[in-house]
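Notes follow the structure.
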Number of protein chains: 2
Amino acid sequence: MFPVRGVQVTQVRPADPVTIPAAPGAAAGLAGARIVALDCYDVRFPTSLEHDGSDAMNPDPDYSAAYAILRTDAEGLEGHALCFTIGRGNEVMVTAIAALRRHVVGRRVEDIAGDLGAFSAALIGDSQLRWLGPEKGVMHMAIGAVVNAAWDLAAKIAGKPVWRLLADMTPEQIVALVDFRYLSDALTPAEAMDILRAARAGREERIAELERFGHPAYTTTPGWIGYSDEKLVSLSRQAVADGFTQIKLKVGADLPDDVRRMALAREAVGPDIRIAVDANQRWGVGQATDAIAALAPWDPYWVEEPTSPDEILGLAVIHDAIAPVKIAVGEHVANRVIFKQILQAGGADVLTIDACRVAGVNENVAILLLAAKYGVAVCPHAGGVGLCEMVQHLAMFDFVAVAATHKDRVLEYVDHLHEHFTDPVRVTGGRYLAPTAPGFSAELRPESLRAYEFPHGAVWQELAGTANQ
Amino acid sequence: MFPVRGVQVTQVRPADPVTIPAAPGAAAGLAGARIVALDCYDVRFPTSLEHDGSDAMNPDPDYSAAYAILRTDAEGLEGHALCFTIGRGNEVMVTAIAALRRHVVGRRVEDIAGDLGAFSAALIGDSQLRWLGPEKGVMHMAIGAVVNAAWDLAAKIAGKPVWRLLADMTPEQIVALVDFRYLSDALTPAEAMDILRAARAGREERIAELERFGHPAYTTTPGWIGYSDEKLVSLSRQAVADGFTQIKLKVGADLPDDVRRMALAREAVGPDIRIAVDANQRWGVGQATDAIAALAPWDPYWVEEPTSPDEILGLAVIHDAIAPVKIAVGEHVANRVIFKQILQAGGADVLTIDACRVAGVNENVAILLLAAKYGVAVCPHAGGVGLCEMVQHLAMFDFVAVAATHKDRVLEYVDHLHEHFTDPVRVTGGRYLAPTAPGFSAELRPESLRAYEFPHGAVWQELAGTANQ
């Protein structure tokens, strides 16, 4: 028990203590290697102490990771991934990841890494676990964590970062990753093949560009709702000085506050920097339309999550009412079926996919293909802990092999918690540099895993001690 | 660990051993009473051994309950409810229910039972837990279990069954139960008031009718996909003999099989009995249309879950293509926002609400009001374990106080596992008799709770022993 929070948490503890992962990448000794464990860890960072990450719906997040490691009997070979949460309930995610052990433990590494489409389908197809969604919420995100850990494993075996592993696949191999059930009325496998084949042109040049200049980013750092006006203004100016051409403000708690903060930010960055606003689902359809009209004089570029992430028809109504302000949605959109319909209804101009919300790389590939079919830009959601590290791979794959352009495509960046990763993102001049290390960049440093494990890690023990004094 | 299944399950164990609940209903000594514990149990029934409950998506369900008890310091006063699952993953639900302890333990019983709208809103509004949905999947269903347990508590205090507690509320009190966020573009509080006020006419007569004759039912018992043709035919004939006017067949695994079974069932029951078919989400939009056309010669009454439960636009397409065959959806529809849009799009003729999928009684009241606004019949989903016991209360409240009619409204019935409840459903002559005992009818018999607790109960220990021999 951790008295500061006052919650009686039932911990799902790994069978063995936290061990320092060996250096990754060794494909040697792989023949016949098997998965021997799926270890799960409850890792939490006390970010609510600083109001980092505060928005209208989430006033006090403690950025957290339900962290999964696929351990193998090949020396030094492990697959790491995480599911992001904002604190309480992280133990529920951990239990859900543990429920997937039967699908991985004892399986041959080559069988999983060699057919990630079948692996993903087997997890999603578990009929008893499917009842808990289907394909949404805790169980779906847990599947995403395990699928992503398998991608980390596959990329380490291949000796490539995930973006490059994906980009080097043939169109046939990419289409085989996707579950087309419930999609075919919007996107057929043949249409997906056409999109991927068309994007072969210029592929090598785009890889070279990416390796040299990276991928454009925007920053949410200035705009958290718990920050003072002074902090908002100074961080907005800093963002421009750092080379960003787009920033984002959190809105939706109080309209007069939103208008004041929007005006301050516009004054701070000048007319040429794009300002996105993010309502984090606070409004109904009518409220959203009214609120955006009030912000319009300061030229918002997009409004993100104006209403429920399950809203399709209402999104189309808002879309028509607020044009030319764009609508961006995605970080809480549960699965490819809802994304499909948002595109069919014309409810969004920008899809803000998240690495950890849907069932991993495979489902996000489906969503990238849907976006390309409908001509909508993908600007991934990031921030939290590990989201930047993971989703950069998807944005770069999109640039090389699907959308084949950077036009209007920016990748969110928040400068929190990167120091805890073995292969942190590198953002400079407003751009993400392309990762070069093999894997999915989601591996926590072993000392961070130990220190922030909840509630037994040193950081949490210290906070508990402080609270008890 | 339970060796038959080969899954390493992490159990969330209640702090104290299973105790025999005292007789409910005592409001005496309530002044100042507090919730002292939220106990959670993993209860599973090995139904897959008999193929009971088998369908195209769920070939081998073990009907299970994540079972919640709100314990109080008032003697004999407890609130019981459950969330239904089909086996694996039930431990995830149990962990999710446990995550809600901070919202109940230590609170005054009167504060919760006296304002169930505020109680429901507080659980749904937990910003950190909300990230795990929002309002869908494991965390949302867990909230449903706790909200329903609070309704059981409130009804026991009132000395009424839940249906009657609801039916005796004023329109104002009922509207105060509902969260109108994301609903107001389809249903305003004022419109809800109008619906409820209009249904005051004839209320006493409908209560009398319900108490005398009960609520019409239909049966799914004949139609499980794992049953032989002979069993299908004999159970179909038996259903008619038992007084049912509608049966349901599971379809969607193999179309020639579906056609043969539909023809056999139609021959068995004759032309005047309604036959519903249930595809349990197996089809895409085009497949659904084709399959229903193949079954049309045998006059299916409704097709249930033709495709993904997240499908709104596609459902409207199927709806127009298959008329006059009706579409029924709901048991897997995640929340009121998706229900709202299905109604707005004209995608369903029948809503098959479930007592345990959404966030409990309060959200189901919202869905009943939406259905009334759009003139669509509610025919609740039941079966499993405990679903009939709970959802009958919602159907009866709908009849008395919202829809105010039985026309085309039937309540699913399956004759499994009722013997495990202290207040089991009573179905006779094709009708559910109205419950009279105070509460929500979801209380398991203490000996069943002990015997079926997974994996330590006697039944599971015996199965494990058999498997090891």
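The values are calculated or read from the model by the stated rules, or taken from the named source; none is laboratory data. Please read all numbers here as calculations on a predicted model, not as lab measurements. Note: ideal-geometry Cβ built from the backbone for every residue, glycine included; neighbour counts use all protein chains shown. Calculation scope for accessible area: heavy atoms of the full protein, side chains included, ligands and nucleic acids excluded. Shrake-Rupley method; radii C 1.70, N 1.55, O 1.52, S 1.80 Å.
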If residue A:74 meets every condition in (1) touching a Gly at 6+ places or on another chain (Cβ under 7 Å); (2) assigned to a loop (DSSP other than H, G, I, E, B); (3) within 7 Å of chain B (Cβ to nearest Cβ) apart from one, which number is that one? (3)
Answer yes if at least one residue in the range B:99-113 is within 24 Å of residue B:73 (Cβ to Cβ), without any contact (Cβ under 8 Å) to a residue 60 or more places away in the chain and more than 14 Å from chain A (Cβ to nearest Cβ), and no otherwise. yes
Would it be correct to say that residue A:289 is assigned to a loop (DSSP other than H, G, I, E, B) and either within 14 Å of another protein chain (Cβ to nearest Cβ) or surrounded by fewer than 23 Cβ atoms within 10 Å (Cβ to Cβ) (or both)? no
Among the residues of the range B:292-301, count how many are crowded, with 21+ Cβ neighbours inside 10 Å and over 15 Å from residue B:349 (Cβ atoms). 1
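Restricting to helices (runs of 4 or more DSSP H) lying wholly in the range A:302-374: which have 2 or more residues that are surrounded by fewer than 24 Cβ atoms within 10 Å (Cβ to Cβ) and at the interface with chain B (Cβ under 10 Å from one of its Cβ atoms)? Please lay out each step first, then the result.
On the way: elements: A:313-322, A:336-345, A:361-374.
Fully inside the range A:302-374 and qualifying: A:313-322, A:336-345.
Please find, within the range A:84-114, the residue that is farthest from residue A:355 (Cα to Cα) out of those that are of a type in the set (Gly, Ala, Ser) and part of a loop (DSSP other than H, G, I, E, B). Steps first, please.
Looking only at the range A:84-114, we keep the residues that are of a type in the set (Gly, Ala, Ser), and these are A:87, A:89, A:96, A:98-99, A:106, A:113-114.
From what's left, part of a loop (DSSP other than H, G, I, E, B): A:87, A:89, A:99, A:106.
On the way: A:87: 18, A:89: 19, A:99: 21, A:106: 27 Å.
The extreme case among them is A:106.
Is one or more of the residues making up the range A:409-428 of a type outside the set (Val, Ile, Thr) and more than 19 Å from the chain's Cα centre (by Cα)? Don't jump to the end; show me each part of the working.
As a first pass, look at the range A:409-428 and keep what is of a type outside the set (Val, Ile, Thr): A:409, A:411-413, A:415-421, A:423-424, A:426.
So of that shortlist, the ones also more than 19 Å from the chain's Cα centre (by Cα) come out as none.
Looking for residues that are of a type outside the set (Val, Ile, Thr) and more than 19 Å from the chain's Cα centre (by Cα), one finds none in the range A:409-428, hence no.
Does residue A:87 count as at pLDDT 95 or above, within 12 Å of chain B (Cβ to nearest Cβ) and either on the phi > 0 side of the Ramachandran plot or within 18 Å of the chain's Cα centre (by Cα) (or both)? Write out each step before concluding.
Values: at pLDDT 95 or above: yes; within 12 Å of chain B (Cβ to nearest Cβ): yes; either on the phi > 0 side of the Ramachandran plot or within 18 Å of the chain's Cα centre (by Cα) (or both): yes.
Yes: the conditions hold for residue A:87.
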Based on what the data block shows, is residue B:414 at pLDDT below 95 and touching a helix residue (DSSP H, G or I) at 6+ places or on another chain (Cβ under 8 Å)? yes
Identify the single condition in (1) out of contact with any Pro (no Cβ under 9 Å at 6 or more places or on another chain); (2) surrounded by 21 or more Cβ atoms within 10 Å (Cβ to Cβ); (3) not polar (S, T, N, Q) that residue B:55 does not satisfy, given that it satisfies every other one. (1)
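So if I check each of A:125, A:144, A:137, A:133, which one is open to solvent by 10 Å² or more (accessible area, probe 1.4 Å), modelled with pLDDT of 95 or more and within 13 Å of another protein chain (Cβ to nearest Cβ)?
Numbers: A:144 fails: open to solvent by 10 Å² or more (accessible area, probe 1.4 Å); A:137 fails: open to solvent by 10 Å² or more (accessible area, probe 1.4 Å); A:133 fails: open to solvent by 10 Å² or more (accessible area, probe 1.4 Å).
Exactly one residue qualifies, and that residue is A:125.
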The one condition residue A:100 fails out of (1) closer than 30 Å to residue B:125 by Cβ; (2) open to solvent by 10 Å² or more (accessible area, probe 1.4 Å) is (2)
Just to verify a result, which residue in the range A:439-469, among those that are outside the structural domain of residue A:382 (by TED's automatic domain parsing) and part of a loop (DSSP other than H, G, I, E, B), is farthest from the chain's Cα centre (by Cα)? A:469
Could we say that residue A:149 is away from chain B (no Cβ under 13 Å), part of a helix (DSSP H, G or I) and open to solvent by 10 Å² or more (accessible area, probe 1.4 Å) here? no
If a residue must be under 26 Å from residue B:224 (Cβ atoms), not in a helix (DSSP H, G or I) and not small (Gly, Ala, Ser), how many such residues does the range B:375-412 contain? 10
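In the list A:353, A:292, A:338, which residue meets the criterion of being outside the structural domain of residue A:136 (by TED's automatic domain parsing), free of Cβ contacts under 8 Å to residues at least 40 places away in the same chain and farther than 21 Å from residue A:224 by Cβ? Lay out the reasoning, then the answer.
Numbers: A:353 fails: free of Cβ contacts under 8 Å to residues at least 40 places away in the same chain; A:292 fails: farther than 21 Å from residue A:224 by Cβ.
Selected residue: A:338, the only one of A:353, A:292, A:338 that is outside the structural domain of residue A:136 (by TED's automatic domain parsing), free of Cβ contacts under 8 Å to residues at least 40 places away in the same chain and farther than 21 Å from residue A:224 by Cβ.
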